[in-house]
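Engineer: Pasting a structure below so you can have a look.
The values are calculated or read from the model by the stated rules, or taken from the named source; none is laboratory data. Nothing here was measured: the structure is a model prediction, and the numbers come from that model. We place every Cβ from the backbone using ideal geometry, glycine too, and count neighbours over all the protein chains shown.
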Amino acid sequence: MFDSLGDRLQGIVKRLKGKGRLTEADVDEVMSEIRTALLEADVNIGVVRDVVARIREQAVGATVSEALDPSQQIIKIVNAELVAMLGGETLKITYASQPPTVVLMAGLQGSGKTTSAAKLARWFKSQGRQPILIGADLQRPAAVEQLRTLGNQISVPVFSEPGDPVATARRGLEEAKRLGKDVVIVDTAGRLAIDEEMMRQVADISTTVKPNYTFLVVDAMTGQDAVSVADAFHQRLSIDGVILSKLDGDARGGAALSVKTVIGRPIAFAATGEKIDAFEQFHPDRMAGRILGMGDMLTLIEQAEKVFEQDKAEEAAQRMLEGQFTLEDFLEQLQQLKKMGPLSGIMGMLPGMPKEMKNAQIGDDQVKVTEAIIRSMTLEERRDPSIINGSRRSRIAKGSGTEVADINRLVKQFTEMQKMMKKMGGLAKPQGRGGKGKPGKINKRQAMQQLGDMFGGQGGIPGLPGADGSPGLPPFFK
Amino acid sequence: MFESSTTNIVLLIVILVLLSGGIVFLRNRRTKSAAAGSAGAAATTESAMGATGSAWAGPDSETLEPAKSDELGAGPTAEPDEVTVKERAGRTRSLFASAFQSIRGRGSIDAGTWEELEETLLRADIGIGLTTRLLDPLRAAAKAGTIRTPDDAINALREAMTAQLTTTDRSLHLDADKKPNVWLFVGVNGVGKTTTIGKIGTAQTALGTTVLMAAGDTFRAAAAEQLLVWAERCGAAYVRGAEGGDPASVIFDGIQSASAKGIDLVLGDTAGRLQNKSNLMEELKKVRRVADKAEGTVNEVLLVIDATTGQNGLSQAREFAAATDVTGVVLTKLDGSAKGGIVFAIETDLGIPVKLVGLGEGAHDLVVFDPAEYVSALFE
């Protein structure tokens, strides 16, 4: 895992704190860290240069506010800049006055065109349209079968015939008109941008079907080459929008920024999972945070909502704040948490986790050990670990295949956590939010800070500064 | 903005992570020495594997023997006999070459020289970390006066890059005594696993090896059909399971069937999976475990990586290696404009050798990776 921009800036920022104004040299140092963070996220070097220049303009001479942590000030500037660059005009689909509306899919081999075509068809369907898919990828073995299978799953008809892709596209369009379909999605074979013959073919398909929208499918894991690929396809086909695929991986996805900058067309959709409904309109703000490695709180929440049983989790959280959270609850919730993927991945999504925590190898194997220890306890012990005496300890150690020291450590940490939770629960009172805070609601910011202190000693969870410039509040905690 | 219930749940997650993480954090320090011990053991196994004989094209040959009759795909036809990285990667305007021209044009070494060199490496996806490691010694040498001209700098860089790729054994292990040999193919979605199997199958059958293809990708629609097309083209035996079925059992059946028929080589396809999906990585571990139990020898697990991949390639290699003991990398799609520089980091940082390179759509466009040639293709 690469360091997030926040981690990178921490060292520099310590020295900046006492200063009233950033000098040229300070700014140089900061810019170099920003550059590295963007490069590690696979933003194209040319684009990086551009971003850094823009940010430098804003940063030179900027006053270091007493109230704001300078690192957060910088991150705020960078984040805002990236959001602006990624966002701007959004793609609004306007349907052809004379149906069908034709959509052409293009991209490199393996970028995810066929899957995206089906996902897009499903999306159109959910918008109340009647799409048809045309399989014009006659190159890859069984590509049309793949499209047919996917079409079946979403009950969208698929047209294809062997032979010539251009003729298939033309015939498909006629078929769509005959069937009265109002959206036609043409899937094409993957091709290298430098393959002149294949590029001419897709251009021919384009002139034949006259698409209203041409989408370029870009793999979120693409490196520096994203720029030349996007540029080549854009010159040939005039791209209207980008579909970012495989965004459910752990790539930072700097390619999104590169492509957007180079062709100046919006990123319209993002594919966020293998399931056919894992397809959504693009959120520039989330992407910006992700490129900077600042965590992706919204994605985390969405995932959490999928796996956690809402009621139970809420109950557990409540008990936790009241200091009633037991090892039994912990074990139960840990099972839910495990469904969300490897712990290190979840960790990466939490904004501003202390660096030490992120770098600590959190292996899921080791979580198993924790589980084994708890499972080796009796229910009574799980509910009240204070009864665990010497002989119980050695029994648990034997039962879980660990050492007594491991049991001690777990119990100690758990007890500490419990104490702290209780304290946090005690903070539950309206915190000057115009009286909106309900009793029983805790001051989460303070709570997070304490958590950070406890583990990382880095002084809390910085997160992204809010739009109003309030320090260190992840957007989520507003 | 959000319901307070959601807030609570996230808080819960944070605490769960911290609690489990905190425990682990402390544990780590204690278990480090134990881990070092087991790493030593792993190294021994590795060298034992290196000793197994190779039936792959010898070190003197750069290419897989092309299948005589079989022109694959609707791809470009009439390929030359020898396909080299230089030729294919050279179809794109050489990014290094034009940068070097400008560097040489400066006449002497200055700050701009280093900037341009750095940018050139970054554009090839070599990554900022390795780029800095490559250039820092050169900068020092320039200061010390051992590097005087731009040409010196370029040559020194070339040497340094070649020195990054030092693995000597890049052969694919095929042992006549341990039939059937099993080669598994793993990787993220869309990198070209199935196509790679098709190409290797074609090359191997042309060499007289009997091959069975096992369609372990039971997830992606029509993946098994795609593999079947390849099996039919090259006359390989073929085993598939039900769509959505257990991939481990398909691979197991494939190996058992190959063993019964006395087939030399099983090529096991697996579904593409993103390395951060823990359940899918668990599934892959199971495939590997079960394959080991069948009556064959798993002697290659090949990680297929797309040359356009950026820095995420390192994460892919790390996670797949952890799950399945990857023995080598197949770098595909190097015939595009991407340079595949991430393999430097993969080989240097993780010690996983690049074994094959995909240079086109034809079956004989998959060649044995030659580091010297790859580096020279970048430089000239």
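Engineer: Of these, A:R122, A:R148, which one is more than 11 Å from chain B (Cβ to nearest Cβ) and either at pLDDT below 95 or surrounded by fewer than 23 Cβ atoms within 10 Å (Cβ to Cβ) (or both)?
Structural biologist: Details: A:R148 fails: more than 11 Å from chain B (Cβ to nearest Cβ).
When all the criteria are applied, what remains is A:R122.
Engineer: While we're on this one: Testing A:A84 on (1) crowded, with 17+ Cβ neighbours inside 10 Å; (2) modelled with pLDDT under 95, one condition comes back false. Which one is that?
Structural biologist: (1) is the only condition that A:A84 fails.
Engineer: In addition: Has region A:378-386 got any residue that is within 28 Å of the chain's Cα centre (by Cα), in a helix (DSSP H, G or I) and either small (G, A, S) or modelled with pLDDT of 80 or more (or both)?
Structural biologist: Checked against the condition, which is being within 28 Å of the chain's Cα centre (by Cα), in a helix (DSSP H, G or I) and either small (G, A, S) or modelled with pLDDT of 80 or more (or both), region A:378-386 yields no hits at all.
Engineer: Follow-up question, since we're still on this one. Report, by residue number, each residue of region B:136-160 that is basic (K, R) and part of a helix (DSSP H, G or I).
Structural biologist: B:R139, B:K143, B:R158
Engineer: Moving on to the next point. Among the numbered criteria (1) surrounded by fewer than 18 Cβ atoms within 10 Å (Cβ to Cβ); (2) free of Cβ contacts under 8 Å to residues at least 24 places away in the same chain; (3) facing chain B (nearest Cβ under 9 Å), which one does A:E174 miss?
Structural biologist: With (1) surrounded by fewer than 18 Cβ atoms within 10 Å (Cβ to Cβ); (2) free of Cβ contacts under 8 Å to residues at least 24 places away in the same chain; (3) facing chain B (nearest Cβ under 9 Å) applied to A:E174, the lone miss is (3).
Engineer: Identify, please: which residue in region B:161-177 is in a helix (DSSP H, G or I) and polar (S, T, N, Q) and is, among those, nearest to B:V367 (Cα to Cα)?
Structural biologist: If we take residues in region B:161-177 being in a helix (DSSP H, G or I) and polar (S, T, N, Q), then B:T162 is nearest to B:V367 (Cα to Cα).
Engineer: Another question, if that's okay. Where in region B:286-380 are there strands (runs of 3 or more DSSP E), lying wholly inside it, with at least 2 residues that are within 14 Å of another protein chain (Cβ to nearest Cβ)? Show your work before the answer.
Structural biologist: Values: elements: B:297-306, B:328-332, B:354-358, B:366-368.
Counting at least 2 such residues, we get B:297-306, B:328-332.
Engineer: Kindly establish whether B:L280 is out of contact with any Ser or Thr (no Cβ under 7 Å at 6 or more places or on another chain) and facing another protein chain (nearest Cβ under 9 Å). Can you show your working first?
Structural biologist: Working: out of contact with any Ser or Thr (no Cβ under 7 Å at 6 or more places or on another chain): yes; facing another protein chain (nearest Cβ under 9 Å): yes.
Yes; evaluated as a whole, the condition is true for this residue.
Engineer: Among the residues of region A:4-58, count how many are surrounded by fewer than 20 Cβ atoms within 10 Å (Cβ to Cβ), at pLDDT 80 or above and not in a helix (DSSP H, G or I).
Structural biologist: 0
Engineer: Filtering region A:334-350 down to residues that are at the interface with chain B (Cβ under 7 Å from one of its Cβ atoms) and modelled with pLDDT of 75 or more, which residue is surrounded by the fewest Cβ atoms within 10 Å (Cβ to Cβ)?
Structural biologist: Among them, the one singled out is A:L334.
Engineer: Considering only residues that are among the hydrophobic types (A, V, I, L, M, F, W, C) and either modelled with pLDDT under 90 or surrounded by 15 or more Cβ atoms within 10 Å (Cβ to Cβ) (or both), which ones fall in region B:154-181?
Structural biologist: Within region B:154-181, B:I154, B:A156, B:L157, B:A160, B:M161, B:L165, B:L172, B:L174, B:A176 meet the criteria.
Engineer: Looking at region B:275-297 only, could you name the residues that are crowded, with 24+ Cβ neighbours inside 10 Å and of a type in the set (A, V, I, L, M)? Before the answer, list the steps.
Structural biologist: Going through region B:275-297, the residues crowded, with 24+ Cβ neighbours inside 10 Å turn out to be B:275, B:284, B:287, B:291, B:296.
Those that are crowded, with 24+ Cβ neighbours inside 10 Å and of a type in the set (A, V, I, L, M): B:L284, B:V287, B:A291.
For every residue, the table says whether it meets (1) free of Cβ contacts under 8 Å to residues at least 12 places away in the same chain; (2) more than 14 Å from chain B (Cβ to nearest Cβ); (3) more than 29 Å from the chain's Cα centre (by Cα).
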site: A:Q201; (1), (2), (3): no, no, yes
site: A:T208; (1), (2), (3): no, yes, yes
site: A:Q224; (1), (2), (3): no, no, no
site: A:A232; (1), (2), (3): no, no, no
site: A:Q235; (1), (2), (3): yes, no, yes
site: A:D250; (1), (2), (3): no, no, no
site: A:A255; (1), (2), (3): no, no, no
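Engineer: Restricting region A:388-404 to residues that are closer than 18 Å to A:F330 by Cα and assigned to a helix (DSSP H, G or I), which is modelled with the lowest pLDDT?
Structural biologist: The initial filter retains those residues of region A:388-404 that are closer than 18 Å to A:F330 by Cα, namely A:388, A:396, A:400.
With assigned to a helix (DSSP H, G or I) added as a condition, the list becomes A:396, A:400.
Working: A:I396: 93, A:S400: 90.
Step by step, filter region A:388-404, then rank; the result is A:S400.
Engineer: Could you run through region B:252-300 and say how many residues are within 17 Å of B:V211 (Cα to Cα) and under 21 Å from the mean Cα position of the chain (by Cα)?
Structural biologist: Number satisfying all stated conditions: 11.
Yes/no per residue for (1) charged (D, E, K, R); (2) touching a helix residue (DSSP H, G or I) at 6+ places or on another chain (Cβ under 7 Å):
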| position | (1), (2) |
| --- | --- |
| B:K261 | yes, no |
| B:R273 | yes, yes |
| B:K277 | yes, no |
| B:L280 | no, no |
| B:D292 | yes, no |
| B:V304 | no, yes |
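Engineer: State which residue pairs qualify: first residue farther than 14 Å from A:E81 by Cα and inside region A:24-51, second residue part of a loop (DSSP other than H, G, I, E, B) and at pLDDT 90 or above in any location, beta carbons under 6 Å apart, and separation of 6 or more residues or different chains.
Structural biologist: The qualifying pairs are A:E40/B:Q311; A:D42/A:G223; A:D42/B:G310; A:D42/B:Q311; A:N44/A:Q224.
Engineer: Another question about this same structure. For region B:182-202, give me the residue count where each residue is under 25 Å from B:Q316 (Cβ atoms) and either more than 14 Å from the chain's Cα centre (by Cα) or among the β-branched types (V, I, T) (or both).
Structural biologist: Here the count works out to 12.
Engineer: Of all strands (runs of 3 or more DSSP E) completely enclosed by region B:179-274, which ones contain at least 3 residues that are touching a residue at least 60 places away in the same chain (Cβ under 8 Å)?
Structural biologist: Fully inside region B:179-274 and qualifying: B:181-186, B:265-270.
Engineer: For the subset of region A:315-333 comprising residues that are touching a helix residue (DSSP H, G or I) at 6+ places or on another chain (Cβ under 6 Å) and within 30 Å of B:L274 (Cβ to Cβ), which member is modelled with the highest pLDDT?
Structural biologist: Going through the qualifying residues, I end up with A:L331.
Engineer: Something else about it: Of all residues in region A:177-198, count the ones that are farther than 20 Å from B:T195 by Cβ and either within 14 Å of another protein chain (Cβ to nearest Cβ) or among the basic types (K, R) (or both). Give the steps one after another, and end with the answer.
Structural biologist: From region A:177-198, those farther than 20 Å from B:T195 by Cβ are A:177-186, A:196; that's our starting set.
Now restrict to residues that are either within 14 Å of another protein chain (Cβ to nearest Cβ) or among the basic types (K, R) (or both): A:177-178, A:181, A:196.
Residues flagged as farther than 20 Å from B:T195 by Cβ and either within 14 Å of another protein chain (Cβ to nearest Cβ) or among the basic types (K, R) (or both) within region A:177-198 amount to 4.
Engineer: Exactly one condition in (1) under 24 Å from B:A206 (Cβ atoms); (2) within 14 Å of another protein chain (Cβ to nearest Cβ) is false for B:V266; which is it?
Structural biologist: Of everything listed in (1) under 24 Å from B:A206 (Cβ atoms); (2) within 14 Å of another protein chain (Cβ to nearest Cβ), B:V266 misses just condition (2).
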